[in-house]
Amino acid sequence: MELLDYCRSLPKVELHAHLNGSLSDATVLKLLSAREQQDGDFLASAEVTIKRGHQRTLEECFQVFRILHSITDNLEAMQTITQDVIQEFAADNVKYLELRTTPKNIPNKMTKKEYMDTVLEATVEAMKKSNIRVCLLLSIDRARGVEDAWSTLQLAKEYLTHDVFGPLVCGLDVSGNPHSGDLKDYLPVLQEAQKCGLKLAVHLAEVSSDTETLTMLNSGLVDRIGHGTFIHPDAGGSKELHAVVRKQNLPLELCISSNIKSGTVKSACHHHLGFWKKENHPVVICTDDKGVFSTSLSEEFYLGAQTFHLSEGDLHSLCLNGVDAAFLPQVEKQKLRQEVQKDLDSLKGKLTCQ
Ligand code: 6MZ
């Protein structure tokens, strides 16, 4: 089997996918045509701005998110995008997906609770239709302030005791424009989240930010690192920072296309996947925003494999790393591991020599 087909066949685990950043062209077009009558001019310009896959600065990416949010600002759209995104990951042979999204309060349209209820209901429906297990992380957007973060945590806590949605909510994500705010202000929220048993995935060092990253890591609250682009010494990270990540053995969620297309990494061969792989540190390949960066999890595996000459064994280990780093209870993790291992065994020896 050729490499790309092989990557498509791998039983994959996706741990870092932002819901609104994951919209396919088909879904965006569906939403745009539903709104066409309402505001033609706005939509024409929106279509240009969100044209996918382009190289853009990180700041420009956040403008794109604003536009995407303006077309997903109602419950019907939230239901559509949740179902579409989950089905697309399932079609890409993703066996387990941790989807993250920022609950939003849009006056006269939806409360944060209605937003999340809709996402969770649509998740339950999508899981019935496809062979995929999905969990949700509620995102705290560092640009929205600490008050907003407290209310998101409150909402997450309410779900923990919910019969149907409880098992689907596994933690919090901290994301948003890394140039906005200071993560140390969010520590009390995250401490409370940890006390409640919520797992924490935190975007760290997506841009150079040693002091902030060290503060977060030394808090002992972080379970997984999103991006971590500027942690390793080759990217200017301090020895201390590198040592803390190694000591805590924290899995890194790596998003190659996202980092290249948003300009924080020069090219694939400069990506920190190479560095951490040499260190034998746990890393998981992820998409980040498959819509905005025009990619899929299979393509990210392919890009990583081609660039760093990954063997069949390396690719299998990457799939299993995803299982190990998942925010699932142990029993479920073991079950997922068995399923993934079974599929991996059936693929052994089928990769054509590169
Ligand atoms: C930081 C990011 C991100 O939550 O509305 N987000 N935060 N760095 C990134 N790298 C490119 N990509 C996405 O999905 C969109 C939101 O996810 C976060 C941003 O807060 C963005 O507004 P949801 O579903």
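Set the Förster distance to 56 Å, then compute FRET efficiency between Lys278 and Asn108 from the Cβ-Cβ distance, nearest 0.05.
That gives a FRET efficiency of 0.55.
Return one whole number: the accessible area per residue of the stretch 150-298 in Å², for a 1.4 Å probe.
Here the residues of the stretch 150-298 average 37 Å² of exposed surface.
How many angstrom separate the Cα center of the stretch 313-332 from the Cα center of the stretch 267-292?
Measuring centre to centre over Cα atoms gives 16 Å.
Label Ser238 and Thr211 with points 7 Å out from Cα along Cα→Cβ: what is the distance between them in nm?
About 1.0 nm, to one decimal.
So which aspartates and glutamates pass the test for Lys109, namely a Cα distance under 15 Å, with those fewer than 8 places away in the same chain ruled out?
Asp73, Glu76, Asp117
Accessible area of the stretch 216-276 with a 1.4 Å probe: how many percent of it is carbon plus sulfur? Intermediate values should be presented prior to the final figure.
Details: 1120 of 2160 Å².
Its accessible area is 52 percent carbon and sulfur atoms.
Counting only protein chains, not ligands or nucleic acids, how are Arg246, Arg8 ordered by accessible area (probe 1.4 Å), most first? All intermediate terms of the calculation are to be shown ahead of the outcome.
Values: Arg246 85, Arg8 115 Å².
Ranked list, largest accessible area first: Arg8, Arg246.
With both partners inside the chain, how many of the DSSP beta bridges are antiparallel, as a percent to the nearest 5?
Here the antiparallel bridges make up roughly 5 percent for the chain.
Expected output is a single nm value to one decimal: the length gained when fully extending between Lys128 and Leu4, i.e. 0.36 nm times separation in residues minus the C-alpha distance. What is it?
Computed gain between Lys128 and Leu4 is 41.8 nm.
Provide Val245, Val331, Val164 ordered by accessible surface of protein heavy atoms (probe 1.4 Å), highest first.
Values: Val245 0, Val331 115, Val164 85 Å².
From most accessible down to least: Val331, Val164, Val245.
Past the 28 Å Cα-Cα mark, which pairs from Lys195/Lys247; Lys12/Lys128; Lys247/Lys290; Lys195/Lys335; Lys195/Lys278; Lys104/Lys335? Before the final figure, lay out each step's value.
Working: Lys195/Lys247 23 Å; Lys12/Lys128 19 Å; Lys247/Lys290 31 Å; Lys195/Lys335 26 Å; Lys195/Lys278 35 Å; Lys104/Lys335 34 Å.
Beyond 28 Å: Lys247/Lys290; Lys195/Lys278; Lys104/Lys335.
Given 0.36 nm per residue, what is the gain on full extension from Glu192 to His179 after removing their alpha carbon distance, in nm? Walk me through the numbers on the way to the answer.
Values: separation 13, 0.36 × 13 = 4.68 nm, distance 2.45 nm.
The Glu192-His179 span can extend by a further 2.2 nm.
Rounded if a/c is under 1.5, else prolate if a/b is larger than b/c, else oblate: which is the chain, with a ≥ b ≥ c the root eigenvalues of its Cα gyration tensor?
Rounded.
Rounded to the nearest 0.05, what FRET efficiency do Ala34 and Asp163 have when you use their Cβ-Cβ distance and R0 = 41 Å?
0.80
Taking GluC sites (Glu not before Pro) that fall in a DSSP loop and have at most 13 other Cβ atoms within 10 Å as cut points, what is the longest piece of the chain between them? Don't skip to the answer; put the middle values down first.
Numbers: sites that count: Glu2, Glu36, Glu279.
My reading of the result: 37-278 is the longest stretch.
How about the chain: what cysteines have no other cysteine beta carbon under 4.7 Å from their own?
Those would be Cys7, Cys61, Cys196, Cys255, Cys269, Cys286, Cys319, Cys353, since no other cysteine Cβ in the chain comes under 4.7 Å of theirs.
May I ask you to derive the FRET efficiency for Ser267 and Asp314 from their Cβ-Cβ distance with R0 = 22 Å, giving the value to the nearest 0.05?
According to the calculation, E is roughly 0.60.
What is the diffusion coefficient of the stretch 141-261 in µm²/s, taking the Kirkwood radius over Cα pairs and the Stokes-Einstein relation at 25 °C with a viscosity of 0.890 mPa s?
164 µm²/s
The values are calculated or read from the model by the stated rules, or taken from the named source; none is laboratory data. Because the structure is a prediction, the values reported are computed rather than measured. Ideal geometry is used to build each Cβ from the backbone, glycine not excepted, and the neighbour counts take in all protein chains shown. Remember, those area values only see protein heavy atoms, side chains included, never the ligands or the DNA or RNA. Shrake-Rupley method; radii C 1.70, N 1.55, O 1.52, S 1.80 Å.
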